Amino acid sequence: MSEKQTSLIQESYKKQEELEKENLELRQIIAQLNKEPLQTKKELLVTSTIARVTESLLNPELTFYDIAKIVQEEASRLTESKHSFVSVIDQYTGDNFGITLTDMMDKECKIAKEKQQTKFPKGLDGYAALWGHSLNSKEGFYTNAPQTHPVFRNSVPEGHVPIERFLSVPAISRGKLIGQLNFANSGRDYNDNDLKVVTQLATIYSIAVERKLIEDQREELKNHILLYANYLEKTVRERTQKLTLTNEQLTSEIQRREQVERDIMASLKDKEILLKEIHHRVKNNLQIISSLLSLQSETITDMKLHGIFQDSLNRIRSMALIHEHLYKSADMSKLDFSEYIESMAGELIASYGAYSDTIPMLRLDIKVDYLDTDIAIPCGLIICELISNSMKYAFPGSRRGEICIALSLNTDGTFMLIVGDNGVGLPEDFDFKSTKSLGLMLVRDLITRKLRGSMEIDRNSGATFKMLWRKLP
């Protein structure tokens with residue numbers, strides 16, 4: 001072979017190598033070009049899926065099951081997983097409840113019915129098994145060799161579908177566990193892209209679940225408010241009815257009492273008229289008796305007997321005067337004592353003045369305006385007897401003097417009556433307790449028995465009788 005031929009052959013091999021190298025580069029370029037549309041297509045698929053899921057979960061009519069089912073189906077399709085379950089966390093107990101599961105329980109699992117569960121409780125150390133790892137760490141993970149994972153022990157109960165590959169992502173909102181997305185047994189190995197996609201769907205799921213929880217709580221609160229409003233309305237209605245009934249009863253009772261009050265007032269008015277008539281007739285009868293005694297006394301020449309008639313006449317006049325004042329009074333249960341004493345004492349002194357050269361001066365200090373008739377009558381008789389005694393014995397001949405009458409009510413509820421004169425005084429051997437004088441015996445009896453009081457006698461500068469008694473019950 002010539003040198004020229006050898007050179008041509010070498011050049012031919014060299015060109016063939018260059019062509020093969022160019023063909024390899026071209027095939028690589030073509031493969032790269034074929035790969036990029038596939039990757040772009042997959043990214044578009046993921047994006048459209050997330051958008052579709054997001055739009056679907058905005059529907060307020062969806063239940064928790066509906067939300068979980070949509071996320072489960074889309075994530076299973078994107079990760080090409082054969083088995084999956086989506087759960088929600090009980091916000092009070094922390095237990096993990098599986099809402100949706102694939103049909104492995106009915107078709108492939110051989111777990112005894114009594115041991116099958118969709119509730120996975122939270123223990124003192126957190127969540128157990130492989131699925132609990134993402135909840136405890138609050139981070140998603142995947143493993144294509146589950147048996148080698150540190151927490152795989154006791155993850156698969158007897159009869160469970162074998163776990164060949166596993167991917168788990170917690171659904172977290174504002175740092176709080178909302179639920180979990182779990183996938184298993186993809187026809188290929190899980191990768192970072194699968195974890196990224198499921199994490200995005202878990203975020204959407206957590207937002208949808210939390211929104212549903214808020215809506216349910218709002219609806220529950222609304223129902224509570226409606227129930228409470230109905231309860232309040234019913235309560236108000238019942239109380240209004242009771243108040244209306246009570247008001248009607250009160251109105252009826254008020255009307256009844258007003259009628260009773262009118263009847264009582266009418267009866268009281270009739271009794272007042274009757275009582276006035278009684279006082280009027282008693283006064284007239286006493287005046288008649290007084291007139292008869294006065295006429296009879298004019299025929300008596302015995303001065304002692306005449307004095308007895310005069311004393312009786314004065315007593316009758318004092319009682320008649322009380323009935324006259326009561327007849328004229330607006331309140332017949334009480335007597336204007338100051339006016340009565342002034343009138344009675346004046347008449348009494350004037351009656352004795354007809355037989356005396358001088359008339360003593362009368363001084364009154366009545367500090368009690370009104371007295372009950374139970375007190376006024378005995379007081380009137382006592383004053384009448386003591387004035388009569390002063391007029392007969394205190395001022396003999398033309399002796400001048402004065403008679404004092406005072407009545408007051410002390411702060412301790414004790415009445416104090418003082419009747420005195422500045423005349424010649426009582427005899428030295430005078431004993432009030434053993435006196436035979438009818439008038440003084442009457443005074444003693446009225447004070448001690450009627451008024452249940454006591455009496456003292458002051459002999460200095462005439463005779464002063466001081467009497468004390470408490471208000472009658």
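Here are Asp357, Asp331, Asp270: which of them is assigned to a loop (DSSP other than H, G, I, E, B), at pLDDT below 70 and over 30 Å from Asn422 (Cα atoms)?
Checking each option against the conditions leaves just Asp331.
Would region 140-149 turn up any residue that is of a type in the set (A, V, I, L, M) and either at pLDDT 90 or above or surrounded by 17 or more Cβ atoms within 10 Å (Cβ to Cβ) (or both)?
yes
Collect the residues in region 420-473 that are assigned to a strand (DSSP E or B), free of Cβ contacts under 8 Å to residues at least 40 places away in the same chain and farther than 22 Å from Ala376 by Cα, keeping them in residue-number order.
Scanning region 420-473 gives a single hit, Asp458.
Gly425: in the same structural domain as Asp372 (by TED's automatic domain parsing) and in contact with a helix residue (DSSP H, G or I) (Cβ under 8 Å, 6 or more places away or on another chain), yes or no?
Spelling it out, it is not the case that Gly425 is in the same structural domain as Asp372 (by TED's automatic domain parsing) and in contact with a helix residue (DSSP H, G or I) (Cβ under 8 Å, 6 or more places away or on another chain).
Residues are listed down the side, and each one gets a yes or a no for (1) outside the structural domain of Asn182 (by TED's automatic domain parsing); (2) surrounded by 19 or more Cβ atoms within 10 Å (Cβ to Cβ); (3) modelled with pLDDT of 85 or more; (4) hydrophobic (A, V, I, L, M, F, W, C):
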| position | (1), (2), (3), (4) |
| --- | --- |
| Ala75 | no, yes, yes, yes |
| Ser87 | no, yes, yes, no |
| Thr100 | no, yes, no, no |
| Met105 | no, no, no, yes |
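Answer yes if at least one residue in region 408-416 is under 22 Å from Asp369 (Cβ atoms), touching a helix residue (DSSP H, G or I) at 6+ places or on another chain (Cβ under 8 Å) and either of a type in the set (Asp, Glu) or not in a helix (DSSP H, G or I) (or both), and no otherwise.
Within region 408-416, one or more residues are under 22 Å from Asp369 (Cβ atoms), touching a helix residue (DSSP H, G or I) at 6+ places or on another chain (Cβ under 8 Å) and either of a type in the set (Asp, Glu) or not in a helix (DSSP H, G or I) (or both).
May I ask you to say which residue of Ile254, Ile172 is modelled with pLDDT of 90 or more and not assigned by TED's automatic domain parsing to the domain that holds Ser84?
Ile254
Against the definition (in contact with a strand residue (DSSP E or B) (Cβ under 6 Å, 6 or more places away or on another chain), in contact (Cβ under 8 Å) with a residue 40 or more places away in the chain and either within 22 Å of Asn460 (Cβ to Cβ) or assigned to a helix (DSSP H, G or I) (or both)), how does Asp374 come out, yes or no?
No; evaluated as a whole, the condition is false for this residue.
Considering only region 75-96, how many residues are under 19 Å from Glu210 (Cβ atoms), not hydroxyl-bearing (Ser, Thr, Tyr) and not in a loop (DSSP other than H, G, I, E, B)?
Number satisfying all stated conditions: 5.
Does any residue of region 130-137 turn out to be modelled with pLDDT of 85 or more, touching a Phe, Trp or Tyr at 6+ places or on another chain (Cβ under 7 Å), surrounded by fewer than 19 Cβ atoms within 10 Å (Cβ to Cβ) and not aliphatic (A, V, I, L, M)?
Yes, region 130-137 contains a residue that is modelled with pLDDT of 85 or more, touching a Phe, Trp or Tyr at 6+ places or on another chain (Cβ under 7 Å), surrounded by fewer than 19 Cβ atoms within 10 Å (Cβ to Cβ) and not aliphatic (A, V, I, L, M).
Which condition number in (1) over 60 Å from the mean Cα position of the chain (by Cα); (2) under 24 Å from Glu456 (Cα atoms) is the one that Gly346 fails?
Failing condition for Gly346: (2).
Results for (1) farther than 30 Å from Thr54 by Cα; (2) touching a residue at least 40 places away in the same chain (Cβ under 8 Å), shown as yes or no for each residue.
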position	(1), (2)
Val197	no, yes
Gln200	no, yes
Lys212	no, yes
Arg218	no, no
Lys222	no, no
Thr246	yes, no
Gln249	yes, no
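For Asn410, all conditions in the list (1) over 24 Å from Arg363 (Cβ atoms); (2) surrounded by fewer than 14 Cβ atoms within 10 Å (Cβ to Cβ); (3) without any contact (Cβ under 8 Å) to a residue 24 or more places away in the chain hold save one; what is the number of the exception?
All conditions are met except number (1).
The values are calculated or read from the model by the stated rules, or taken from the named source; none is laboratory data. Just so it is clear, the structure is predicted and the values come from calculations on it, not from any experiment. Here Cβ is always computed from backbone atoms with ideal geometry, including for glycine, and neighbour counts include all displayed protein chains.
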